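Note sheet for the following structure.
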Amino acid sequence: MSRSGFSPEGVTFGVCLVALGVLGTLANLGKLELLPLLRTYWPLSLVLWGALELVDLTLRRSSRGRS
Amino acid sequence: MSARKIALLIVIVLFAASVETAWNVRGNVSIGPEGCRVMGGRFYGPSWTFETTAERAVAAGPAQLEIGNAFGGVHVVKGAPGVVKVRLRKVVFMPTEDKAKELADRIELRVTEDAGHVRIGTNRDELGRRDDYGFETHLEIQAPPDSVARVRSEHGKVELADVAAADVQASFDGVTIERVAHDVTLEVRHGGADVERVGGRLQLSARHGDVALSDVTGSAKLDIQHGKLETKQTGALEVALAYGDVTAESVGGDLVVHNQHSAVSATDVSGRAEVTTSFGGVRLERVGGDARVKVEHGHVAASDVLGGFTGEASFDGVELERVKGPVELQVQHGSVIARGLEGGARVRVSGDDVTLDGFAGAVDVEVERGSAKLAPRAVIRGDVIASATHGGVELEVPDGSGFELEAESLRGQVEADIAGLHAQRDEGRRHGQKLQGRQGAGGPQVRLRADGDVSIAARPARAVAESAVQKPRTSSPPEAPASPAPKASTAPAAKPSPAHPAESEAKPDSR
C-alpha cells in the first residue's frame, strides 16, 4: 500500500472488473458485440493503470515535500 | 516492483492474449454464423425470434398441401374448412437484435395456390447459406380437414396430425405422424419415426433412427437400417432391417421379417410368420398360420403355432412349445427341445441333443454327435424313426400303444422294459444288440438306431400337451379419422385471397 492512501493496481483491477461485467451484460442483452470491443480497447487498462501510478507518484512526492 | 503489480501485469497480458486468440480462432476457423454451428444442423448461440402469419382461402373440401422447409420444424394440424393458416417462426442467430431484425425482415413466408395445390415455404433458397449468419424457419400450419400433405423437410422435426394422407421426406430430425385416414409414405434419414393410427397402408424407409408404429390398419412395408423397430396393432408387416431389434405385437396378417445382426420378437400374429436373421435370437408367440424361421448364430423359441413350423438354426438351439402343424427342423451345433407337437416332426440335428416331450403323428429324428429322447405322452399312432450317431436313443412308450418295433444299438445295449412286447434279439452279433418284434396288436413302425444304448420304457398315457394351442390375440386397430379417399388434385380455389403477412415483436432466445 502506498503512502498516498490508494493502490493504483487495486483501482485498475477493480475498474477493469466492473467494466468487464457491464460489457458482458450488455453483450448478453444483444446491445453490443463483446469480442471485437475487448480486442480493440483492452490496452486502455494499461493506460488507466499507468495514469494512476503517475498520480500516486505525484501524491507521494508532494506528501514528502510537506513533511 | 511489488508482487501485486507483477500479478496484475500478468493478468492483463493473459487476458489480452486470450482475447487475441479467440479473435483469431473465430476469424480463421469456420465454426458457424456469429456463434457456433454444431453437428446435426442446429445453430447455437444468441438468437432472436420473429413471427409472420399468412392465410389463404381454398375451395371447400380436401386441400393438397405441398410444404417445403429446411432448418426448422414443420407442424401440421387440423384447422377450419376452406382456409389454410400458416405461422412462420423465424429464429435468427445473431449477436444483436438489430442485426437479427435486419435479417428476419428478408425472410419471407410464401403461401401460393395453384389449381388446388397450396404450396407453403420460405425464400430460404434465395437468401442462400452464408457463414456469417444462421436462421431457422419453423412452419406451423392449420390445414382444412381431410387435406393431403406432402412434406419435404431437412434439419427439422416434422409433426403431422389429422390429415387424409401423407407423403413425407425428412432428414436430420424425427417425424411424428398421427391420425391419418388413408395411406402414408414416409422416408426419414438420420431421425426417428413415430407413426400412430393410420387408416390405410404405410410405406416407410428409415436410416439411422428408431421406428415405432401403432394402430396401422393397412399393411406396412418397412425398410430400416440402423434402428430398432417396435410395432403394436398393425396389419400385415413386411420388414427389411439391417442393424436393429424388431418387436412386433398384434399383427393382423402375415409377418415377414428379413433382418440382419439382431433379434426378432413377435407375438400374436394372425397370419403366417417368416423370419430370417443372424446374430440374434427369434421369439414367436401365438402365430395363426405357418411359421418359417432361419437363424444363424441365434436361439429360436416359438410357442402356440397354429400352422406348421419350419426352422433352420446354427450355433444355438431351438425351443418349441405347442405346435399344431408339422414341424421340420435343421439345426447345426445346437439342441432341440420341443413340447406338444401335434402334427409330427422331422428333425435333423448335429452337435447336440434332441428332446421331444409330447408329440403326435409321424416323427423322424436324426442326430449326429448327440442323443435323442422321445416321449410321445399319448398313444403312438404314427411312425417313430430315430437314429443317433455318437449318442443314444430313449423312447417312452405310453400305455396302450401298439407298433412294429426294430431297435438296434451298434455298440451298446438295447433295453426294452414294456409289457406286451413280443420280440426277438439278434444273438449272433459281436458288437451291439438288435431287437425286432411287435408291441401289442402292432401298427405303425418304430425304428430306433444308435451308436450308444437304445432304451424303451413304458409310461402312463397322457395328453400330448398340458394345454391346447392358443390362438393369436389380435384385435382390429381403432378406426382412424374417417374421410374420403384423397384425390390426385382438387378443384381450384373458389376465391383465392392473397397472403396477409404480419410481423410480431422479436423475442430474445437462449440456446
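When ranked by the protection proxy of mean other Cβ atoms within 10 Å per residue, highest first, what sequence do the peptides B:393-401, B:220-228, A:34-42 form?
Going by the mean number of other Cβ atoms within 10 Å, highest first, we get B:393-401, B:220-228, A:34-42.
List the residues, sorted by chain then number, that are 5 or more residues from B:Ala458 or on another chain and whose placed amide H is less than 5 Å from its amide H.
Under 5 Å from the amide H of B:Ala458: B:Val397, B:Asp417.
In µm²/s, what is D for the stretch B:182-297 at 20 °C and 1.002 mPa s, where D = kT/(6 pi eta Rh) by Stokes-Einstein and Rh is the Kirkwood radius from Cα pairs? Before the final figure, lay out the partial values.
On the way: Rh = 13.5 Å.
It comes out at roughly 158 µm²/s.
Just to check, using Stokes-Einstein with a Kirkwood Rh over alpha carbon pairs, what's the diffusion coefficient of the stretch B:259-366 at 4 °C and 1.567 mPa s in µm²/s? Working shown, then result.
Details: Rh = 13.1 Å.
Translational diffusion coefficient: 99 µm²/s.
Using the Cα centre as the reference, give the magnitude of the dipole from point charges on the C-beta atoms of the stretch B:386-459 (Lys, Arg: +1; Asp, Glu: -1; all else neutral), rounded to the nearest 20 debye.
Magnitude of the dipole: close to 240 debye.
Step by step: find N for the stretch B:337-394, compute 2.2 N^0.38 Å, then divide the Cα radius of gyration by it. What's the final number?
On the way: Rg = 10.4 Å, N = 58, 2.2 N^0.38 = 10.3 Å.
Against the empirical 2.2 N^0.38 Å value, I get 1.01 for the stretch B:337-394.
What helices in chain A pass both tests, a Cα length along the helix axis of 24 Å or more and a mean Kyte hydropathy of -0.5 or higher, using whole DSSP H runs? Intermediate results must be reported in sequence, preceding the final value.
Details: long enough: A:8-28 (30 Å, 1.40); A:44-66 (33 Å, 0.30).
Result, helices passing both filters: A:8-28, A:44-66.
Over the Cα atoms of the stretch A:8-58, what is the Rg over Rh ratio if Rh follows Kirkwood? Let's see the in-between values first.
Numbers: Rg = 12.8 Å, Rh = 11.8 Å.
On the Cα set of the stretch A:8-58, Rg over Rh gives 1.08.
At a temperature of 37 °C and a viscosity of 0.692 mPa s, determine how fast the stretch B:151-194 diffuses translationally according to Stokes-Einstein, using the Kirkwood radius over alpha-carbon pairs as Rh; express D in µm²/s, rounded to the nearest whole number.
Values: Rh = 10.1 Å.
For the chosen part, D equals 324 µm²/s.
For the Cα atoms of chain B, what angle does the longest principal axis make with the long axis of helix B:3-28, in degrees from 0 to 90, nearest 10?
With both axes taken from Cα atoms, the answer is about 80 degrees.
Which whole number gives the average count of other chain Cβ atoms within 10 Å of the Cβ atoms across peptide B:87-99?
Counting Cβ atoms of other protein chains within 10 Å of each residue's Cβ and averaging gives 2.
Using only alpha carbons, build the gyration tensor for the stretch B:386-459 and give me the equivalent ellipsoid semi-axes, biggest first, whole Å. Write down the numbers at each step before the final one.
Numbers: eigenvalues 79, 34, 19 Å².
Taking √(5λ) for each eigenvalue gives 20, 13, 10 Å, largest first.
Over chain B, what relative contact order in percent results from Cα pairs under 8 Å that are six or more residues apart? Could you put the intermediate results ahead of the total?
Values: 1687 pairs, mean separation 62.0, N = 511.
Normalised by residue count, the contact order of chain B is 12 percent.
Considering every residue in A:16-22, what mean count of other chain Cβ atoms within 10 Å of its Cβ is obtained?
Numbers: counts 4, 0, 0, 0, 1, 0, 0.
Shielding by partners across A:16-22 averages 1.
So for chain B, considering every pair of alpha-carbon atoms, how many percent are separated by more than 44 Å?
Tail of P(r) above 44 Å: 43 percent of Cα pairs.
Relative to the longest principal axis of the C-alpha atoms of chain B, give the angle of the C-alpha long axis of helix B:97-106, reported between 0 and 90° and rounded to the nearest 10°.
Approximately 80 degrees, to the nearest ten.
Using the alpha-carbon centroid of each, what span in Å lies between the stretch B:368-405 and the stretch B:212-228?
Each part's Cα centre sits 44 Å from the other's.
What's the percent breakdown of Cα-Cα distances in the stretch B:111-199 across 5 Å bins, shortest bin first?
All Cα pairs, binned at 5 Å, distribute as 3, 12, 23, 22, 19, 12, 6, 3, 1, 0 percent.
Arrange the peptides B:117-123, B:322-328 so that the one whose residues have, on average, the most other Cβ atoms within 10 Å appears first.
Values: B:117-123: 20.1, B:322-328: 21.9.
Answer by packing, highest mean first, reads B:322-328, B:117-123.
Starting from the Cα of B:Glu427, step 7 Å along the direction of its Cβ; do the same at B:Ala240; then give the gap between the two resulting points in nm.
According to this spin-label approximation, the distance is 6.9 nm.
In whole angstrom, how far apart do the alpha carbon centroids of the stretch A:26-51 and the stretch B:252-309 sit?
69
Under the definition of partner shielding as Cβ atoms of other protein chains within 10 Å of a residue Cβ, what is the mean value for peptide A:7-14? Could you put the intermediate results ahead of the total?
On the way: counts 4, 3, 9, 2, 0, 4, 5, 0.
Mean partner shielding for this stretch: 3.
When the scattering of the protein assembly as shown is computed by the Debye formula from its Cα atoms alone, each counted once and equally, what is log10 I(q)/I(0) at q = 0.07 Å⁻¹?
-0.67
Give me the percent relative contact order of chain A, please, defined on Cα pairs under 8 angstrom at least 6 residues apart.
On the way: 27 pairs, mean separation 36.1, N = 67.
Normalised by residue count, the contact order of chain A is 54 percent.
Using unit Cβ charges (K, R positive; D, E negative) and no other charged atoms, how large, in debye to the nearest 20, is the dipole of the protein assembly as shown about its Cα centre?
Values: 67 positive and 77 negative charges, 478 e Å.
Dipole magnitude for the protein assembly as shown comes out near 2300 debye.
Which aspartates and glutamates, on any chain, are close to B:Lys99 with Cα under 14 Å apart, when same-chain ones fewer than 8 places away are left out?
Partners within reach: A:Glu33, B:Glu34, B:Asp132.
Any read-out appearing in this document is the output of simple, stated calculations on the displayed coordinates, not a laboratory observation. Computed from a prediction, not measured in an experiment: that's the story for all the values here. Heads up, the Cβs are rebuilt from the backbone with ideal geometry, glycines too, and the neighbour counts pull from every protein chain shown.
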